[in-house]
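The values are calculated or read from the model by the stated rules, or taken from the named source; none is laboratory data. Note that this is a predicted model, so its numbers are computed, not measured. Here the Cβ positions follow ideal geometry from the backbone for every residue, glycine too, while neighbour counts run over all protein chains shown. Areas reflect the complete protein model, heavy atoms only, side chains present, ligands, DNA and RNA absent. Shrake-Rupley method; radii C 1.70, N 1.55, O 1.52, S 1.80 Å.
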There are 2 protein chains.
Amino acid sequence: MSKIKERISALRRFLEEKSLHAFIIPSTDAHLSEYPASHWSSREWISGFTGSAGTVVVTREKAGLWTDSRYFLQAADQLKGTDIELFRDGLPNVPSIDEWLGQELGKGESVGIDGIVYAAKDAFNLTVKLNKKGLHVISDYDPFDSIWHDRPQIPVNTIFELPLKYSGVSCSDKIKQICNNLDKEGADSLLVASLDTIAWIFNIRGNDVKCNPVAVCYAYISKKETVLFIDPKKLTQEITSYLQSEGVVLADYCKIFDYVSKLTNTTICLTGNKVSLALYDAIPKDCYIIDIPSPADLMKSIKNPIEIEGFRNAMIKDGVALVRFYMWMEQAIPTEKVTEVTIAEKLIEYRSQQDMYVGESFDTIAGFRGNGAIVHYHAMPETCLTISNDSFLLIDSGAQYFDGTTDITRTWALGEVSEQMKKDYTMVLKGHIGIGTCRYPQGTRGSQIDILARKALWDNGLNYLHGTGHGIGHFLNVHEGPQNIRLEENPTTLQPGMVTSNEPGLYRANQYGIRLENLVLTQEDITTEFGKFYNFETLTLCPFDVKPIDKSLLTELEILWFNNYHKMVYERLSPYLTESERDWLRDKTNEI
Amino acid sequence: MSKIKERISALRRFLEEKSLHAFIIPSTDAHLSEYPASHWSSREWISGFTGSAGTVVVTREKAGLWTDSRYFLQAADQLKGTDIELFRDGLPNVPSIDEWLGQELGKGESVGIDGIVYAAKDAFNLTVKLNKKGLHVISDYDPFDSIWHDRPQIPVNTIFELPLKYSGVSCSDKIKQICNNLDKEGADSLLVASLDTIAWIFNIRGNDVKCNPVAVCYAYISKKETVLFIDPKKLTQEITSYLQSEGVVLADYCKIFDYVSKLTNTTICLTGNKVSLALYDAIPKDCYIIDIPSPADLMKSIKNPIEIEGFRNAMIKDGVALVRFYMWMEQAIPTEKVTEVTIAEKLIEYRSQQDMYVGESFDTIAGFRGNGAIVHYHAMPETCLTISNDSFLLIDSGAQYFDGTTDITRTWALGEVSEQMKKDYTMVLKGHIGIGTCRYPQGTRGSQIDILARKALWDNGLNYLHGTGHGIGHFLNVHEGPQNIRLEENPTTLQPGMVTSNEPGLYRANQYGIRLENLVLTQEDITTEFGKFYNFETLTLCPFDVKPIDKSLLTELEILWFNNYHKMVYERLSPYLTESERDWLRDKTNEI
């Protein structure tokens, strides 16, 4: 804790030197990543808070962290003893950052942000809001270059090609399609900073970010040339030849600003909240900017048949590994010391035995008892719970395979199941089935169907505050856009080929957490005189715990879906299992 | 039809005189009303299309009408033989107006709009889009002043006060509250052009627009003064005294532009799509404009206890009138000639016998057989159908009473009911009950619950393209914002005191239409550790036809809601009925 106080003091000295009165430190990097490379983990470094979302603001006297409901409990815990105040985003009467700065600072004072890691759109919005309060925004400094002495370098790991047999469409074909889409928007070029988008376009993968197989780089795509800005240290002879054969021009990572600043009289398509302020500002004034969601991101979200086939294969491998893991867990909990950390380790062990396994797609969340109610809980060896025969154990985990990415949550009732546990679990299951069985017309947005995951909970005065579903990359980031299923509006419609998670939950603080998650694929269903209808195919293959189900609370249709799902899990996984594993799975997938 | 052609020719001559190449004629007026006074019905005059929503565009060679799904059938019918092409908004591959103009006109050509009747925000968006296509927008002309020879004058009917016993809150108190809300937004004043908003703020009502008890006027509200811009011919001695006693300054209607143009160095709150371009442009450049949804509109939508009490009383009166009407209808259809037009007349007759009846809240939609599938059908004496003992009869009607506004739709099965009719009707009823029984947390938007009205339909490959619910005024416009329940996103949350319609439907072209509509009041339900939850109280009191219900398709909860609703209808209405009417209603509200 004293370390955190020292770091904040160092930042305050920096503020005084530069005549700043506050500094805003977002959780992101120069590419607006959800999970940044450690070079850019300055928000974690300054606060000790390790969650994936959160913004720290330091004034000369005070400091605050703003984060969302997923991290309320974790943040409160990690901020203990730091003098950093926790602001719970989204709760009533919690001031926004600009409101708080308006209270804390005096007219004419200055707020610093690092333009390199601040999304252009966010910076514009912030500037408007702070200007209204008489405050200035200064975006010229990265204080961490001077105050963070052992700051890690920007990573330079080598990249590799994702072969056509996994990617399904060649880089040059994707670029052609992007150029067609740019034409429709009236744009000459596309400027991309998002690492997963670049990885998808160029069919490359990297190792620069934990769990996210991406490489730090920028791209500029126009009908004239396609340039990949990447540190040459990351390139092998092989990948250089591959990229050149796809017509890609290679330039050093640091040259992007220089390149962009020399563009002239051209119309550039970019996404204002996916490009840094510094890069946006580097564009000369004689260029026209079309700020829209990236056409490449929508293309990426609509998986091609090879990618979908890869997802199906990955699900079988993941399912087999999970059967083995759960078989181990069942016998281990009563007989040996199993902790939340052991669970994460064992999951890696079983998954790593599978073909084409690369690594975890995110840090496993294994939350026992009250830890399950911490939505993005990360168990630490020193503090993790030992699993015993009571309460719920929530396990949210996933893997990266060359042919697909997985993300699955199951919640297991250990020991006695109370009436409240049964009812809670069954309401979450009803929500999960509500999404799983939903038919919706072409043009439907995720926010329109979100209620199907919540209705049973709402009817009982229950709720969860996180989203119901996020898009998922193909051997890429476990969270990707542009579609999602959330309370909040998102104009992207659900389209055939999109893979999205279906993960309602319920969290009783200090008691337990429940979340049930499968990945689902949007597919065409029926066409009638009233239009085209879509539905979801569930991709994930793993039984649910049936013990905490109160069958009397399920409708006939819900029971039918559940039994059919379990039947499919057994049919798809059993060919890959040993006899004893098959017996175990048959038992777990019996009809309810 | 030849009249329409002549009018379009006159407009084309006007285009040539003014060196314009196209003119866009929206359906609205200087106040951006949904239903304009006849002076502003230029879109209807030029095209013959009488729907409430639609935009005509005339170029030197072509003409088109853009309208939404409610009016597809009606518009196709009314445009027959006019050379005006119908563009069905919202269907795939239908160009938007700007796209179409981009195709039809050459670079450098000019598109005219009348800035007096064009919403400022729409004009800005249009200008950006047309400029991108190399087209100019000219907003200086109202062609109809010269080409529409017998154009009606702007109405000058006298206005009257809505007494405190009906309005619930005095004008001066409302102005105080508005000023408080302006403070919160950092604004000095509010500029209002919306007629219903002004009527609500000042507790005045008028007769300038059919079915909408509003008066043509503008208002400017600031902490210094509140000015009502209204033609002095509309003011009696009494209303002048009343307004002055509330601290309102009176000015002539036409003085608004002059007044606004003399404002200096002030921050004005307005709503860009509720204020005309001409009025917006009259604001001097040294004023700061805050363009947000009007704080007065949100205040208006949250009904106060007196207004809610008024709604309840109006519902009883309307319910009694409807019992008498349906009793008449039942015996009349087999014995005398009953047409779609007779139905509208009889509804007025029965409703006008009720206390404090003012008039219809909209033109009755009585659609028999295929006419019921025309969502905003308006029966004409020459062409209307005679009701016989078959198919569905859809009746959507409402009334204005001094103490409230009603809007109700029932669909009656006459004669034999086919299996398809039963299933269709029951699916719509399930949707209606889905909204009626919905519990939702504080902060929920209408678009989130809309699916509850559609789920049963979607599950069967059915759908309707109109909204599920609109806000409704208190003795004011039958359609009011800001909340609604629709497929489309709307950031307004549903808040206690809001009255909204619940009207799912199903339309089989050339066969029949089904719509079931009640008005519902958002109210507080329960509060748990997961937050505050709201639900709906159904206000409308009228039995549904039970004959076309397939009870086997309803859940126990749906049957319970239905029987409870019918029980409430009987209990609330029976004290006001004669014995024979009571017997009839008891029979109609028997448990299913």
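Laid out as a table, the results:
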{"read-out": "Matching residues in the stretch A:516-528 - criterion: being under 18 Å from the mean Cα position of the chain (by Cα) and either within 14 Å of chain B (Cβ to nearest Cβ) or more than 20 Å from residue A:310 (Cβ to Cβ) (or both)", "value": "A:516"}
{"read-out": "Near pairs, Cβ below 6 angstrom, 6+ apart or cross-chain, from the stretch B:462-490 (under 22 Å from residue A:450 (Cα atoms)) to any residue that is open to solvent by 30 Å² or more (accessible area, probe 1.4 Å) and part of a loop (DSSP other than H, G, I, E, B)", "value": "B:462/A:530; B:463/A:530; B:467/B:486; B:470/B:479; B:489/A:489"}
{"read-out": "Subset of the stretch A:556-589 [in contact (Cβ under 8 Å) with a residue 60 or more places away in the chain, open to solvent by 60 Å² or more (accessible area, probe 1.4 Å) and under 25 Å from residue A:394 (Cβ atoms)]", "value": "A:572"}
{"read-out": "The stretch A:250-273, residues that are more than 28 Å from the chain's Cα centre (by Cα) and open to solvent by 60 Å² or more (accessible area, probe 1.4 Å)", "value": "A:255, A:258, A:262, A:264, A:265"}
{"read-out": "Any hit, the stretch A:316-338, residues being assigned to a strand (DSSP E or B) and free of Cβ contacts under 8 Å to residues at least 40 places away in the same chain", "value": "no"}
{"read-out": "Residue B:500, sole failed condition from (1) more than 13 Å from chain A (Cβ to nearest Cβ); (2) of a type in the set (Val, Ile, Thr); (3) surrounded by fewer than 22 Cβ atoms within 10 Å (Cβ to Cβ); (4) closer than 30 Å to residue B:209 by Cβ", "value": "(3)"}
{"read-out": "Failed criterion for residue B:450 (all others in (1) open to solvent by less than 10 Å² (accessible area, probe 1.4 Å); (2) more than 14 Å from chain A (Cβ to nearest Cβ) hold)", "value": "(2)"}
{"read-out": "Residues (assigned to a helix (DSSP H, G or I) and out of contact with any Gly (no Cβ under 6 Å at 6 or more places or on another chain)) located in the stretch A:358-375", "value": "A:369, A:370, A:371"}
{"read-out": "Search result, residues across the stretch B:388-417 that are among the polar types (S, T, N, Q) and either open to solvent by 20 Å² or more (accessible area, probe 1.4 Å) or not in a loop (DSSP other than H, G, I, E, B) (or both)", "value": "B:388, B:389, B:397, B:400, B:405, B:409, B:411"}
{"read-out": "Any pair with Cβ under 7 angstrom, 6 or more apart, that starts in the stretch A:434-446 at a residue that is closer than 23 Å to residue B:91 by Cα and ends at one that is surrounded by fewer than 22 Cβ atoms within 10 Å (Cβ to Cβ) and β-branched (Val, Ile, Thr)", "value": "A:443/A:493; A:444/A:493; A:445/A:492; A:445/A:493"}
{"read-out": "Single condition residue A:467 does not satisfy, out of (1) of a type outside the set (S, T, N, Q); (2) more than 14 Å from chain B (Cβ to nearest Cβ); (3) within 16 Å of residue A:34 (Cα to Cα)", "value": "(2)"}
{"read-out": "Helices (runs of 4 or more DSSP H) completely within the stretch A:117-220 that count 2 or more residues being without any contact (Cβ under 8 Å) to a residue 60 or more places away in the chain and open to solvent by 60 Å² or more (accessible area, probe 1.4 Å)", "value": "A:120-132, A:171-185"}
{"read-out": "Tally, over the stretch A:69-82, of residues that are without any contact (Cβ under 8 Å) to a residue 24 or more places away in the chain and over 14 Å from residue A:509 (Cβ atoms)", "value": "0"}
{"read-out": "Test for residue A:99: is it over 24 Å from residue A:196 (Cβ atoms), assigned to a strand (DSSP E or B) and open to solvent by 60 Å² or more (accessible area, probe 1.4 Å)", "value": "no"}
{"read-out": "Check on residue A:545, open to solvent by 10 Å² or more (accessible area, probe 1.4 Å), within 14 Å of another protein chain (Cβ to nearest Cβ) and of a type in the set (D, E, K, R)", "value": "no"}
{"read-out": "Which listed residue, of B:434, B:513, B:443, B:461, is in contact with a Leu (Cβ under 6 Å, 6 or more places away or on another chain), modelled with pLDDT of 95 or more and within 11 Å of another protein chain (Cβ to nearest Cβ)", "value": "B:434"}
{"read-out": "In the stretch A:367-380, the residues that are open to solvent by 10 Å² or more (accessible area, probe 1.4 Å) and under 20 Å from residue A:211 (Cα atoms)", "value": "A:375, A:376, A:377, A:378, A:379, A:380"}
{"read-out": "Conditions (1) closer than 18 Å to residue A:174 by Cβ; (2) open to solvent by 50 Å² or more (accessible area, probe 1.4 Å); (3) in a helix (DSSP H, G or I); number of the one not met by residue A:300", "value": "(2)"}
{"read-out": "Scope the stretch B:347-357; condition surrounded by fewer than 19 Cβ atoms within 10 Å (Cβ to Cβ), in a helix (DSSP H, G or I) and not acidic (Asp, Glu); matching residues", "value": "B:348, B:352"}
{"read-out": "Single unsatisfied condition, residue A:533 versus (1) in contact with a helix residue (DSSP H, G or I) (Cβ under 9 Å, 6 or more places away or on another chain); (2) facing chain B (nearest Cβ under 9 Å); (3) closer than 28 Å to residue A:391 by Cβ", "value": "(3)"}
{"read-out": "Test result for residue A:364, farther than 27 Å from residue A:561 by Cβ, free of Cβ contacts under 8 Å to residues at least 40 places away in the same chain, β-branched (Val, Ile, Thr) and open to solvent by less than 20 Å² (accessible area, probe 1.4 Å)", "value": "yes"}
{"read-out": "Evaluation of residue A:3 against (1) within 18 Å of residue A:88 (Cβ to Cβ); (2) in a helix (DSSP H, G or I); (3) modelled with pLDDT under 95 (one fails), failing number", "value": "(1)"}
{"read-out": "Some residue of the stretch A:268-291 being over 26 Å from residue A:481 (Cβ atoms) and aliphatic (A, V, I, L, M)", "value": "no"}
{"read-out": "Index of the failed condition, residue B:420 passing every other in (1) within 13 Å of another protein chain (Cβ to nearest Cβ); (2) modelled with pLDDT of 95 or more; (3) surrounded by fewer than 20 Cβ atoms within 10 Å (Cβ to Cβ); (4) in a loop (DSSP other than H, G, I, E, B)", "value": "(4)"}
{"read-out": "Criterion: open to solvent by 10 Å² or more (accessible area, probe 1.4 Å), touching a Pro at 6+ places or on another chain (Cβ under 8 Å) and closer than 29 Å to residue B:532 by Cα - qualifying residue of A:72, A:87", "value": "A:87"}
{"read-out": "Which numbered condition residue A:443 fails, given (1) outside any loop (DSSP other than H, G, I, E, B); (2) touching a Ser or Thr at 6+ places or on another chain (Cβ under 7 Å)", "value": "(1)"}
{"read-out": "Qualifying residue in the stretch B:304-314 (condition: farther than 30 Å from residue B:177 by Cα and at pLDDT 95 or above)", "value": "no"}
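Matching residues to (1) within 30 Å of residue A:205 (Cα to Cα); (2) among the charged types (D, E, K, R):
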{"residue": "A:99", "(1), (2)": "no, yes"}
{"residue": "A:110", "(1), (2)": "no, no"}
{"residue": "A:116", "(1), (2)": "yes, no"}
{"residue": "A:119", "(1), (2)": "yes, no"}
{"residue": "A:134", "(1), (2)": "no, no"}
{"residue": "A:164", "(1), (2)": "yes, no"}
{"residue": "A:171", "(1), (2)": "yes, no"}
